[in-house]
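I have placed the structure first, in the form of structure tokens, so that the comments after it can refer back to it.
Throughout, read-outs are computed from the coordinates displayed, never taken from laboratory work. Just so we're clear, the structure is a prediction, and the values are computed from it rather than from any experiment. Reconstructed Cβ throughout: ideal geometry from the backbone, glycine too, with neighbour counts over all protein chains shown.
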Amino acid sequence: MATIGIELCNAGFEAAVCEKDEPRLLARGEKDGLSDWPGFAYHNGQKFLFGRPAEDVWFVHPRQICHDFWDKLSHEPSALNAEGKAPSFSELAFYFLRDFSRQLTAAAGAPDKLVLAVPSFYLKDAATEEQKVGLLLGMAGELGLPLAGVLDMASAALCDPRGPGINPNLPVVVIDIQLGGADISLHVAEGAQFVRRDFAHLAPAGYAPLLKHLTAAMGNRFLKHTAFDILEDGLIEQSFYRQTKDFIMSGAPEFRYQINTTRRAYEMTATHDQLGLDATSIAGMLQQGVQMLVHKMSEHTEPITVALTPRAASVPGLESRLRAAGFMRLLRLPAGAAACGAALVGATRWQVQDLADVPVETAVPLAEVKRSTGTPWEAHLHKVRTTGARPLPTHVIINGVGHVLGGNGGFTIGSTSAGPDLTLPESFNTAAECLVQLQREGGHLWFVEAGPAPAPNGSARPTRTVLEAGDRLVIRSGAASTDLLFAHCLPPARPPA
């Protein structure tokens, strides 16, 4: 019996099917997959279009686009003009879900059970839950969907068996981003449950305003570089928006913008550092939101794990800001984590029942949470025995290749799942939460030994040792071992005048 989980995120709906307790994400672009389904609605004067076709005319026909109907899910009228009337937010959501479920059935077949992973702010209080979940239940009934349960999106994501896993004995903060705002939730173990202890919704930190701001900022650079204004035509601005979104999602260090007109082609190379500067405001809001939740935990002494959805991880500069604030245990959740987690929960625990009895939960049993199962690791610093002073290292060398120890704050070395600045060889991918921390402070570079993170009042502090050129760091995990050398490289000599 197939169970389908739907990740109700308007930055991009995802769906997963679970058979024999093994959830599988219906990836976009595959033969049996789904199209791109961001929460956009467009009325072209004759009919509604949803998802990617609607997003692709956002800058061409902005007055005929609505992208906040899932955020504002209610009976209130939207600002969209469709044949002389304004459909309500709930109408647009219903039409969107109808089209999405039709494509879902075509790709995966009719489900026996369906579980909705909903944005955390849908369940922030009893009044909001009654309104938004009530509308979702009405849609499910109208569409004949075999709904088995509704689950908080962050809780569902932590149950995805494909994920890196967490230590449920430690608090976990999950960051996710919708088009109209960001959800930050704090989860802790209480008895046999992993519960959502606290929650914050940051309305200004949405993906739509982020993308619009970054598109405008890069457009200004493009104008200065090429003397061509992307605002000259809506189609050109739309193409520039798409390139900006692709750049953000790729995480690439550089990207080449290309605009072709009937007269000539224009190009500009942009860097990820530029994106980071442009996204400073939103990344700062997210960092402060995490700190606010953590500082409210008066009993907090353990390290905090911060789990980021792909949407959150793509916010330029966010991870480096979190590390600089002392949150070193960062995990990247896989795409569609909430969809896969919801599908697994529905397949193993819930049954289809009367809509009035459908469970709505913000907690999951500890047994359902994906735990980190990697091999343990250790890092040992070997200092050079010398009495003379040695310079500050500028590079770290691994497998014969030097890497710049850039940045003014922290620098991390670890396994792929930890999203470090320097990634260890593939043999370390099974290491549990392998992340070595380096900090730049007081004119020195410090090696921070693994241990408890600072307490909110700043009283606790991990052990650290200053790094100098010539020091070696040996990292081991099971049979995997690697040796890193810290070196000071002189700048190239200037040619004679």
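Size descriptors for region 34-161 (Cα atoms only): Rg and Dmax, in that order, 15.2, 48 Å. Only aspartates and glutamates eight or more places from K85 in sequence, or on another chain, were considered; those with a Cα closer than 20 Å are D68, E76. Per the Debye formula with a single identical scatterer at each Cα and no solvent contribution, what log10 I(q)/I(0) holds for region 307-372 at q = 0.19, 0.21 Å⁻¹? For region 307-372, the Cα-only Debye profile gives -0.87, -0.97. Of all lysines in the structure, the ones whose alpha carbon falls short of 18 Å from that of K132, not counting any fewer than 8 places away in one chain, are K72, K124. Residues whose amide H falls under 5 Å from that of Q178, counting only those 5 or more places apart or on a different chain, are D183, Y207, with hydrogens built in the peptide plane. Computed extension length for H382-Q353: 4.2 nm, one decimal, from 0.36 nm per residue of separation with the Cα-Cα distance subtracted. With helices as the sole contributors, the chain gives -8000 deg cm²/dmol at 222 nm; each DSSP H run of n ≥ 4 counts as -39500 (n - 2.57), and the sum is divided by every residue. Entry note, the chain: relative contact order of 16 percent, from Cα contacts under 8 Å with a spacing of 6+ residues. Under the classification rounded if a/c is under 1.5, otherwise prolate if a/b is larger than b/c and oblate if not, where does region 132-287 fall, given a ≥ b ≥ c as square roots of the Cα gyration tensor eigenvalues? Judged from the Cα gyration tensor, region 132-287 comes out prolate (a/c at least 1.5, a/b above b/c). Antiparallel beta bridges, as assigned by DSSP with both residues in the chain, represent about 75 percent of the total such bridges.
Rounded to the nearest whole Hz, the Karplus-based 3J(HN,Hα) values (6.51 cos²θ - 1.76 cosθ + 1.60, θ = phi - 60°) of region 479-484 follow the sequence 7, 7, 8, 8, 10, 10, with x at glycine and proline. The alpha carbon convex hull volume per residue for region 80-124 rounds to 104 Å³. Under the rule a/c < 1.5 gives rounded, and otherwise a/b versus b/c splits prolate from oblate, where does region 265-354 land using the Cα gyration tensor? Oblate, because a/c is 1.5 or more while a/b does not exceed b/c. The alpha carbons of region 96-186 stretch over 41, 33, 24 Å along the principal axes, in descending order. The gain in end-to-end length when the N429 to D36 segment is fully stretched comes to 138.5 nm, 0.36 nm per residue minus the alpha carbon separation.
Taking amide H as placed 1.01 Å from N in the peptide plane, the amide H of D198 sits under 5 Å from that of L186, each at least 5 places away or on another chain. Rounded to whole numbers, the Karplus 3J(HN,Hα) couplings from phi for region 278-287 are 5, 9, 3, 5, 5, 4, x, 4, 5, 4 Hz, using 6.51 cos²θ - 1.76 cosθ + 1.60 with θ = phi - 60°, and x at Gly and Pro. Rounded to the nearest whole Hz, the Karplus-based 3J(HN,Hα) values (6.51 cos²θ - 1.76 cosθ + 1.60, θ = phi - 60°) of region 12-20 follow the sequence x, 4, 10, 9, 9, 10, 10, 10, 6, with x at glycine and proline.
Taking a straight line from the alpha carbon of K224, these aspartates and glutamates sit under 15 Å away, with near neighbours fewer than eight places off in the same chain left out: E232, E267.
Given R0 = 45 Å, the distance between the Cβ atoms of R24 and D483 translates into a calculated FRET efficiency of 0.70. The R472 and E254 beta-carbon pair, evaluated with R₀ = 30 Å, returns a calculated FRET efficiency of approximately 0.40. In a fully extended conformation the segment linking T261 and D198 would gain 17.6 nm over its present Cα-Cα distance, using 0.36 nm per residue.
Amide H contacts of A15: E7, L26, each under 5 Å away and 5 or more positions distant or on a separate chain (H built 1.01 Å from N in the peptide plane; Pro and chain starts excluded).
Modelled spin-label separation between N169 and S74, with each label point placed 7 Å from Cα along the Cα-to-Cβ direction: 4.6 nm. In this label model, K224 and R464 are separated by 3.3 nm, measuring between points 7 Å along each Cα→Cβ vector. Each of the peptides 304-313, 12-21, 73-82 was scored by the mean count of other Cβ atoms within 10 Å over its residues; in descending order, highest first, they stand as 304-313, 12-21, 73-82.
Hydrodynamic analysis of region 352-439 uses the Kirkwood radius over alpha carbon pairs. Inserted into Stokes-Einstein at 20 °C and 1.002 mPa s, it gives a translational diffusion coefficient of 125 µm²/s.
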